[in-house]
Amino acid sequence: MGLEVRDVTVRFGGHTALDNISLRALNGQITGLIGPNGAGKTTMFNVITGLQAPHAGKVELDGRDISKLAPYKRARRGMARTFQRLELFGSLTVRENIHVAAAQFKRRHRTAERAAPTTEKLIERLNLGAIAEVRADSLPTGQGRMVELARSLACRPRVLLLDEPASGQDESETADFSRVLREVADEGVAVLLVEHDMDLVMSVCDELHVLDFGKKLAQGTCAQIQADPAVRAAYLGEVDDDLDPAVLADPDDALGVSR
Amino acid sequence: MKEFLTFTISGLATGGIYAITAGGLTLTYTTTGIFNMAHGATGMFAAFTYWQLHYGWGWPVLLALAVVLLLLAPLFGALMHLVIMRRLEGTSQATKLMVTVAILLSLVAAVLWIWDPNKNRTITPFFQGHVVEVLGVRVPYSDVTTLAVALLVAIGLWILLTRTRSGVAMRATVDDRSLAVLNGSRPEVPGMMAWAIGTMLAAVAGILVAPKLSLSPLPLTLLIINAYAAAVIGRLRSLPMTFVGALVIGLANDYAIGYVPKWETAQPYLSGFVAVVPVAVLFVALLLMPQSQLRGHAASRTREIAKRPTWSGSLIFAAAVVFGSVVAARTMDPIDLFSSTKMWGMGIIALSMIPLVGYAGQLSLAQLSFAGIGAIAVAHWGGDGSLMGLVYAALLCAFIGAIVALPALRLSGIYLALATAAFAVALDRWIYLLPKWTWGDTTFHIFKGGTLNVERYDLPWVSIDSDRAYFIFGGVAFALCSLLVVAIRRGEFGKRLLALKDSPAACATLGMNHKLTTLAVFATSAAIAGVGGGILAGATKSVSATQFEFFAGLSILMSMVIAGLNSPGGALFTAMLLGTPLMTNLFPDYVQLTTILIGLNGIALGRNPNGMIAAQLRPKWDPALKYPAVMAAGSALVVLAFVAREADLVGNYAMVIAIGVALAAISSVARGLESEKVGKQTGSDVLPEGMTAPPEQLGLSKPFTPADIEALDRTLGLPPLTAVAVNGAGATAVSGGRHGA
Ligand SMILES: Nc1ncnc2c1ncn2[C@@H]1O[C@H](COP(=O)(O)OP(=O)(O)OP(=O)(O)O)[C@@H](O)[C@H]1O
Ligand SMILES: [Mg+2]
């Protein structure tokens, strides 16, 4: 089980941002959602988390329809996300950012563990110790994304949505990131990843969905997607810069990296 | 039937005025994203200018109208955009709103200053005496004019927005500012046009309505509250809906005025309600609004910082407040002391804004009204000075606060601000004026038709009946409340509030129920305000409704915004500025000076959204916390000065000056040490010109001479000391400013 999106349509005025899209993210897997700019990926995340009401379609979490729930109730059912444009609590420190989330979780689930230890563990796990007392709005984007990840993990999610987590990160940060991502998925979380960095996508994802102008272009394993001519024409062809030619040439190797 | 027709026609005319006002308001809001609280005040200013030109200087009507409406008003609007509004882009909604409140206060103060309020002025209706017969009803020409103008405005706006290039550009700016820039249109021009036209419409409405009300600043300014309701019906977006809403409100208003007096049993209770019909419509409109979408934070150009206060700093601040209140109570002359006892109540009301406005970023324009409710609770239920009165005040205010916030919770911040404004106005115009009523066996008479008497509280061990003792009691209460506010900030609740301010969307995705959190903070701050009201009531011993008017509350809020909404120090500043005769003593000839200063400073907020304390005072005294020796020496000097005064070795002035010098010295020395440290690190080690010894030795191993202070001040760019140490209250200002910020 995991997250299931059925036939979602979103329109902005006359523009159809999502046209009858379905997708699924299974527990324990990393599912990639890729597509060119304006394809509707962020809009899909907003629909899933409840920040944007769809014109049609359903969102299900572990088989239960959550389409009618307010965003915070969906979060309480185990949904967490990061944002493409950072939504850190700028006037709080990094530690406080994570603490707010941990305390929120603690208040609802009478877990034995208090909020503070959870926070400390996450700070250690994501290597944030050096910046724990820094105000979040003074962080560079790459570190900001790590903090958002930590904050969403503090909610112990069952479904984790990541919107372009690697943009603005340097190579070592991205490496840390994909390590944590894999760990999180191995703990049984369903991860849905939107990302333009094809190296990262191809190396960590188990399955890919490709969107283009609100339409579903393709779906399949990394190898299948890389071989798909429509995808190469619409998307992969455009982002040659991001893409290691070796990966494209030898998709099996790309998959090999991720295991 | 004829009567009904009469009320209908006059109602339509009233609605026409609301429509013109609300149209201008909506135009500027949609184009620039700024909700102009000063819209009514601008119209009021225009009406006074028109009076001056036509009645004061005898210009012909048409010339006066043309100069005001076609020249001065648009010019004022355009200037306002260029000088003030343009710079607000990227600041928070609360800051934007507060800047317009500042303009409102300044305009009212300016009018009171320019046109002596004790002189009676009237504007006669246009075409006075001329009437037309419509279906047997005599309709004054002025009503016909009003309706015609409203129609013209509606058609004009419609043509402007749909048929002209600049109008289309205005709408484009609303839809997407950055996109409009990319497409090569300059958002400057539409913004300026919107302000020019909006101001012109405000002026039209002001001049049309002035004959209906008396020509005095407040009623004209507050007319805006009625227009808000229309704008809310149009959801601050749709002009046609706004116009329809305005007509409905106008009709409801005039029917109420016409028919309520005929209903004898209810008449005494509803006569005030007539004045709040538009406000009631506003509440209903809020209830019917669809839920606003949760938003992330706009990328702020100017970061609005809220440093986390430390316990040590906050305790020192509280101690300094208590000490300052003891010093002040023992040195001020009895008359000044009596008129200053209310400062602590004011200060607590100001403190109540910190969690709500400062931490959570929600604007409440009704904190003083909650204080009024607190005062009423104390007077009615406090018995003979039982402290339980304050508990009742807190509970009642928390309850009412939650109810007021409830309709606006689903909506974004601006609507909460409007709901509080509507609530405050409803209290002023209706609830406070209610006659006695009986419910079961309990009879209730809110203000007993005038003033309520309040006894000072009974404390277990001491009597605080004297002004002196009550002043110190107030200081202690203020200090405790400041610690409460700090505790909120440092606790989990406070973090949640800041998180909510920074990004409601992120909070929701973490599972936080933002409505509940907002409700909680609203109730909390209403409760604090209620306690402030109770303490204020004890200070003056009798309270009347006028003390808690909406308008007076705006000054407190404004002063807090300027001094810094995150700092108890800001509340102390506000208390001294508005709760003591300090300003009138210093500048007896300029009664409006306080308001104008507040207004001007508020207008500058766009550049410095953190307020004065965070931006100016705090950096000056912060370094002192790092040097306990300096702090101790400075404090010793302060205590010494006080002891010397008590022993009659020195007089009041000498003591005040000494304390001022000591406080300034703490700052100077600490900062001297700080720069010395930095200087050492960079290898430079030069004494500032005119100093007798290195700053770290001054006052410790070397004597501190006035020359040193002067030199330090010069190097650090401080104003001369004499400006700081004017009297006892001034000294507390300095001590208060330093740690609580
Ligand atoms: N609130 C909105 N109002 C109007 N149009 C919108 C809104 N949000 C998104 N859109 C439009 O919907 C389309 C999809 O946007 P979305 O942000 O989902 O794309 P994306 O795939 O996340 O792109 P990117 O890779 O640039 O992040 C775009 O054309 C965008 O302009
Ligand atoms: Mg996106």
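Each reported figure results from applying straightforward, stated rules to the coordinates on display, with no laboratory input. Computed from a predicted structure; not experimentally measured. In this analysis, Cβ positions are derived from the backbone assuming ideal geometry, glycine residues included, and neighbour counts consider all displayed protein chains.
Which peptide among A:20-30, A:71-81 comes first, and what is the full order, when sorted by highest mean count of other Cβ atoms within 10 Å? Provide the component values of the computation, followed by the final result.
Numbers: A:20-30: 18.6, A:71-81: 22.5.
In decreasing order of mean packing, A:20-30, A:71-81 become A:71-81, A:20-30.
What order do you get for B:Thr8, A:Thr119, B:Thr162, B:Thr331 when you list them from fewest to most C-beta neighbours inside 10 Å?
Sorted ascending by nearby Cβ count, the order is B:Thr162, B:Thr8, B:Thr331, A:Thr119.
Provide the packing ranking of B:278-286, A:7-15, A:166-174, i.e. peptides ordered by the mean count of other C-beta atoms within 10 Å per residue, highest first. Walk me through the numbers before you get to the answer.
Working: B:278-286: 22.0, A:7-15: 13.4, A:166-174: 16.0.
Averaged packing, sorted descending, gives the order B:278-286, A:166-174, A:7-15.
Averaged across A:137-150, how many Cβ atoms of other chains sit within 10 Å of each residue's Cβ atom?
On the way: counts 7, 1, 0, 0, 0, 0, 0, 0, 0, 0, 0, 1, 0, 0.
Partner Cβ neighbours, averaged per residue: 1.
Between region B:143-161 and region B:190-206, how far is it from one alpha carbon centroid to the other, in angstrom?
14 Å
Please report the Cα spread of region B:472-577 along all three principal axes, rounded to whole Å, starting with the longest.
49, 26, 23
Taking amide H positions as placed in the peptide plane 1.01 Å from N, state which residues far from A:Leu18 in sequence (5 or more) or on other chains have amide H under 5 Å from it.
The list, which skips near neighbours in sequence, is A:Val10.
Separation of region A:118-161 and region B:473-514 by C-alpha centroid, Å?
The two parts, judged by their Cα centres, are 22 Å apart.
Given a Förster radius of 22 Å and the C-beta distance between B:Phe399 and B:Leu516 as r, what FRET efficiency does 1/(1 + (r/R0)^6) yield to the nearest 0.05?
The calculated FRET efficiency here is 0.90.
Say R0 is 51 Å: what FRET efficiency, to the nearest 0.05, do B:Leu288 and B:Arg330 get from their beta-carbon distance?
The pair B:Leu288/B:Arg330 has a calculated efficiency of 0.35.
What residues have an amide H closer than 5 Å to that of B:Asn513, excluding those fewer than 5 places away on the same chain, when H is modeled at 1.01 Å from N in the peptide plane?
Correct list: empty.
Return B:Met558, B:Met289, A:Met1 ranked ascending by Cβ neighbour count within 10 Å, so the fewest neighbours appear first.
A:Met1, B:Met289, B:Met558
Could you state the number of Å between the C-alpha centres of region A:1-25 and region B:1-38?
Centre-to-centre (Cα) distance: 43 Å.
Mind checking the angle between helix A:94-108 and chain A's longest principal axis? C-alpha axes, 0 to 90 degrees, to the nearest 10.
So the inclination is approximately 90 degrees.
R0 = 45 Å: FRET efficiency of A:Thr141 with B:Asp116, Cβ-based, nearest 0.05?
So, using R0 = 45 Å, E works out to roughly 0.15.
Would you kindly calculate the translational diffusion coefficient of region B:2-288, applying Stokes-Einstein with the Kirkwood radius from alpha carbon pairs, for 37 °C and a viscosity of 0.692 mPa s, and quote it in µm² s⁻¹ without decimals? If you can, show how the numbers build up before the last one.
Numbers: Rh = 19.5 Å.
Rounded to a whole number, D works out at 168 µm²/s.
Take the Cα gyration tensor of chain A, multiply each eigenvalue by 5, square-root it, and list the three semi-axes largest first, rounded to whole angstrom.
Numbers: eigenvalues 164, 102, 55 Å².
So the equivalent ellipsoid measures 29, 23, 17 Å along its semi-axes.
Going by alpha carbons, how many degrees (0 to 90, nearest 10) lie between the helix axis of A:115-125 and the longest principal axis of chain A?
50 degrees
Taking neighbour Cβ counts within 10 Å as the exposure measure, how do B:Tyr141, B:Tyr392, B:Tyr653 sort from fewest upward? Provide the component values of the computation, followed by the final result.
Numbers: B:Tyr141 16, B:Tyr392 19, B:Tyr653 13.
Listed from fewest to most nearby Cβ atoms, that is B:Tyr653, B:Tyr141, B:Tyr392.
Express as a percent, rounded to the nearest 5, the fraction of DSSP beta bridges in chain A (both residues included) that run antiparallel. Write down the numbers at each step before the final one.
Working: 21 of 37 bridges.
Roughly 55 percent of the beta bridges in chain A run antiparallel, per DSSP.
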